[in-house]
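One structure is given here, and the rest of the page talks about it.
The values are calculated or read from the model by the stated rules, or taken from the named source; none is laboratory data. Remember, it's a predicted structure, so these values are computed and weren't measured experimentally. Positions of Cβ are generated from backbone atoms using ideal geometry, with glycine treated the same way; all protein chains shown enter the neighbour counts. Heads up: the accessible areas ignore ligands, DNA and RNA and are worked out on the full protein's heavy atoms, side chains in. Shrake-Rupley method; radii C 1.70, N 1.55, O 1.52, S 1.80 Å.
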Amino acid sequence: MSPSGTAAPAPAREDSAYDALTPGKSVYSSTKADPNTANIYGPGEITVYGTAHQHGLVGSNSLSAESIYVFNKTTLDQAANLIPGVNAANAGGPRNEATLMVRGFNRFQVPLLVDGIRIYLPADNRLDYGRFLTPDIAELQVAKGYASVLDGPDAMGGMVNLVTRKPHKVIEGELRGGTMLGHDGGYGGYNIFGMIGTKHDKWYAQASFSMNDVEQTDLSSNFVATPTQGKGKRLLSDSQDWRVNVKAGYTPNSTDEYTVNYTRQEGQKRAPFDVKDSVSIQKDWTWPAWDLDSLSLTSRTRLSDRLTLRSKLYRNTFYNLLRSFDNANLNTQTKPKAFNSYYNDTAWGGDVRLDAELSRKDTLGVAFYGRRDEHEEQEQVYPGGGWQSQVSSVEESYSIAAENIFRILPNLDLSTGFSYEWRALDRAQGYSNGIINYPTRNRGAPNGQARLSWRPDPASELHISVSDRVRFPTLFERFSTRFGGATSNPGLRPERAQNYELGGSHSFGKIDVAGALFYSHLTDLIANFPTLYEGVAVTQSRNISSGNYAGAEISISVPIRRNLLLGGNYTYIHQNVHDPVSSIYQVTDVPSHKAFAYVQWEPVKGLRLVPNVAINSNRWTTNSAGTAYFRTGHNVNIAARIDYRITPNVQVGVNASNLMDQNYEMADGFPSQGRNFFVNMRISG
């Protein structure tokens with residue numbers, strides 16, 4: 001046992017192909033354990049190929065807890081936006097949802113996981129990334145284009161994984177508190193975080209709580225008032241989210257681990273209006289409940305020197321309430337436009353994975369994934385407040401996968417993977433003057449991938465990869481009537497993408513550089529096709545579109561001196577999607593050029609200055625009716641943070657964002673936050 005009372009780490013196995021299939025262990029994986037990040041919850045990691053920056057604050061495909069704190073990114077969308085190839089976006093419209101694009105792939109095509117367990121909403125999977133808080137996150141992982149088949153299905157464009165914290169000392173704790181301020185210094189809200197944990201030779205336990213309460217956000221002082229939105233405070237921009245995580249683990253030896261992990265988060269929000277549309281045509285929606293929880297049991301058992309078994313069992317729930325009101329005052333429900341829509345989802349699932357070292361040069365991993373999603377919904381309608389009958393759907397998802405890593409030469413690895421994924425739809429119901437039982441249809445699809453990695457010297461890595469993956473359509477895409485404007489299509493096929501990448505990294509002394517060229521060919525994309533149903537003009541989801549994405553990304557970190565670090569990244573992407581129905585269609589929400597740069601300077605002991613800038617070129621957007629496409633303007637967000645460590649355990653900080661108070665939009669009609677400040681204190685020990 002170490003002097004601190006923590007268990008000593010397992011000795012590293014050199015030149016073993018087995019390690020390449022062990023998340024957190026492989027020297028060729030960006031998830032390589034770092035002595036400064038011993039608080040990562042290992043059972044929650046996924047495999048992310050690449051190379052970690054040893055000195056930079058932002059990796060090419062991962063982000064540490066300290067970096068998230070330094071750049072003051074309190075939600076998932078804000079944090080992931082720092083990583084090259086990833087950009088945050090506003091879904092626009094009345095839903096007030098933050099989302100992410102990974103090399104152009106949207107939230108339906110890139111699964112979100114928390115501690116390796118997928119967060120999936122079976123009805124429509126409209127995840128709001130702004131509801132996921134980051135203070136209890138130890139690591140943010142993003143697999144771009146190439147996601148291991150062993151980590152689960154539907155990874156058409158990659159995977160995003162939030163890994164929570166885990167204690168690494170006998171007694172440790174942390175407290176944070178902060179206040180948000182608008183461009184004139186007015187109060188905007190607060191956030192708090194607390195964590196306590198303990199780690200011993202054979203067990204550990206931890207509990208944490210975080211809350212983010214936004215009373216209001218301020219628009220830029222350059223915003224021009226409209227009949228819908230005045231200057232200053234952004235109307236209906238308030239929200240509140242809290243999150244709790246509790247975990248306990250049993251570690252009988254240096255290789256085995258058994259854990260129970262519980263996370264619950266609850267959120268509520270309102271939806272700011274489109275500043276260009278009149279109030280009378282807007283939807284008066286609020287979300288009093290956007291709640292998730294997850295209970296999981298995980299295990300890792302070294303059956304023998306060359307055989308390891310991993311497993312996860314979990315239960316997830318989702319409760320959502322959407323309320324529609326008569327008018328912008330949000331206080332009456334008497335008109336036909338008013339309703340209360342309730343969603344209740346429950347998922348039971350698990351996976352089992354066996355890694356076998358067939359020889360010192362050959363490792364095989366096999367995995368089975370299974371999940372059952374139960375969705376229930378019910379609506380209260382007005383006038384009158386009557387209840388429609390409750391409807392439900394049940395669908396099962398499965399995947400069987402294998403991945404082999406063969407060490408052709410001591411510095412040359414070939415990874416190959418194959419999986420077969422299938423969906424079994426047991427029940428699908430809707431409501432229209434009574435319960436509708438839709439015809440059900442099961443679907444399956446194969447997936448394949450390969451990656452060749454060469455390390456000509458200890459400071460360099462080059463790779464080429466191809467990944468052919470699918471994602472299955474949601475219940476909404478197959479069966480939603482879109483308030484009477486669409487008809488169902490139970491035979492809708494999965495979308496597919498072939499992703500190609502040529503990349504590498506090199507360390508010039510302490511200077512780390514990594515980059516990649518990427519290309520994706522997309523087929524069977526789902527689009528709305530006009531048709532007639534019982535003599536009425538409607539649309540139907542069909543696999544009629546195809547597209548191509550191509551781009552490049554590079555990241556660099558340059559330690560100038562011991563107290564001075566420069567870093568940044570740049571991404572270029574070009575997207576082209578052919579929609580045979582619409583001649584004007586454009587892919588929205590992705591800037592062609594995206595750059596981020598920062599400086600970390602510690603002029604005196606205890607004082608840290610981190611100025612940074614995020615630059616986005618214009619991006620395609622659409623008006624609220626979806627009848628016109630045009631580009632938003634570019635934006636340059638200059639920010640800065642100052643931290644001072646009063647004692648080894650107490651730190652105070654100030655952060656400023658959008659210092660130029662630029663007025664810009666990521667989605668038409670929805671201006672972004674103006675200049676804002678954040679003041680906080682952190683106590684750790």
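Compute the distance in nm between two label points, each set 7 Å from the Cα along the Cα-to-Cβ direction, one at K276 and one at M681.
4.6
Determine the gain in length on full extension of the stretch I192-L607; use 0.36 nm per residue of separation and subtract their C-alpha separation, reporting nm with one decimal.
147.1 nm
With contacts defined as alpha carbon pairs under 8 Å and 6 or more residues apart, what's the relative contact order of segment 53-183 in percent?
Taking the mean separation of contacting Cα pairs over the length of segment 53-183, I get 24 percent.
Tell me, what % of the accessible area of the chain is carbon and sulfur with a 1.4 angstrom probe?
58
For segment 421-518, evaluate the Debye formula with one uniform point scatterer on each Cα (no solvent term) and list log10 I(q)/I(0) at q = 0.10, 0.17 Å⁻¹, rounded to two decimals.
Values, matching the q order: -0.51, -0.82.
Averaging sequence separations of C-alpha pairs under 8 Å and six or more residues apart, then dividing by the length of segment 158-259, give the relative contact order as a whole percent.
About 23 percent, as a whole number.
Which net charge results for the neighbourhood of L492, defined as the other residues with beta-carbon distances under 12 angstrom from its beta-carbon, given Lys and Arg at +1 and Asp and Glu at -1?
Neighbourhood net charge equals +4.
On the full set of protein chains, 1.4 Å probe, figure out the accessible area of T332 and give it in Å² to the nearest 10.
Accessible area, nearest 10 Å²: 50 Å².
Please give me the summed charge of the neighbours of R608: other residues whose Cβ is under 15 Å from its Cβ, Lys and Arg +1, Asp and Glu -1.
+3
Computed over the Cα atoms, what is the radius of gyration of segment 181-314 divided by 2.2 N^0.38 Å, N being its residue count?
This ratio for segment 181-314 stands at 1.63.
With N denoting the number of residues in segment 590-685, provide Rg(C-alpha) divided by 2.2 N^0.38 Å, to two decimal places.
Cα-based Rg divided by the globular estimate yields 1.43.
For the chain, how big is Rg over Rh, using alpha carbon atoms and the Kirkwood form of Rh?
0.95
Taking R0 as 51 Å, what FRET efficiency do you get between L321 and H55 from their Cβ-Cβ distance, rounded to the nearest 0.05?
Efficiency at R0 = 51 Å is approximately 0.65.
Express in nm, to one decimal, how much length is gained between R561 and Q378 on full extension, taking 0.36 nm for each residue of separation and deducting their alpha carbon distance.
Here the answer is 59.8 nm.
Just want to confirm a number: the relative contact order over the chain, from Cα pairs under 8 angstrom separated by 6+ residues, in percent.
RCO, the chain: 11 percent.
Convert each backbone phi in segment 665-674 into a coupling constant with the Karplus relation 6.51 cos²θ - 1.76 cosθ + 1.60 (shift: θ = phi - 60°), then list the ³J(HN,Hα) values in order as whole Hz, x for Gly and Pro.
10, 9, 9, 4, x, 10, x, 7, 5, x
Could you sort out which of K283/K337; K73/K283; K247/K312; K166/K312; K166/K269 sit more than 19 Å apart by Cα distance in this structure?
K73/K283; K166/K269
For segment 466-600, what are Rg and Dmax over the alpha carbons, in angstrom?
21.4, 73
Label-point separation (nm) for H574 and I464, each offset 7 Å from Cα along Cα-to-Cβ?
Result: 2.2 nm between the two label points.
Okay, helix-only estimate at 222 nm for the chain: each DSSP H run of n ≥ 4 adds -39500 (n - 2.57), divide by all residues, round to 500 deg cm²/dmol; what do you get?
Value at 222 nm, helices only: -500 deg cm²/dmol.
Just reorder R608, R315 by solvent-accessible area, largest first, 1.4 Å probe, all chains present.
The ranking, largest first, comes out as R315, R608.
Would you mind working out the accessible area per residue for the chain, using a 1.4 Å probe, and quoting it in Å²?
Per residue, the chain has an accessible area of 40 Å².
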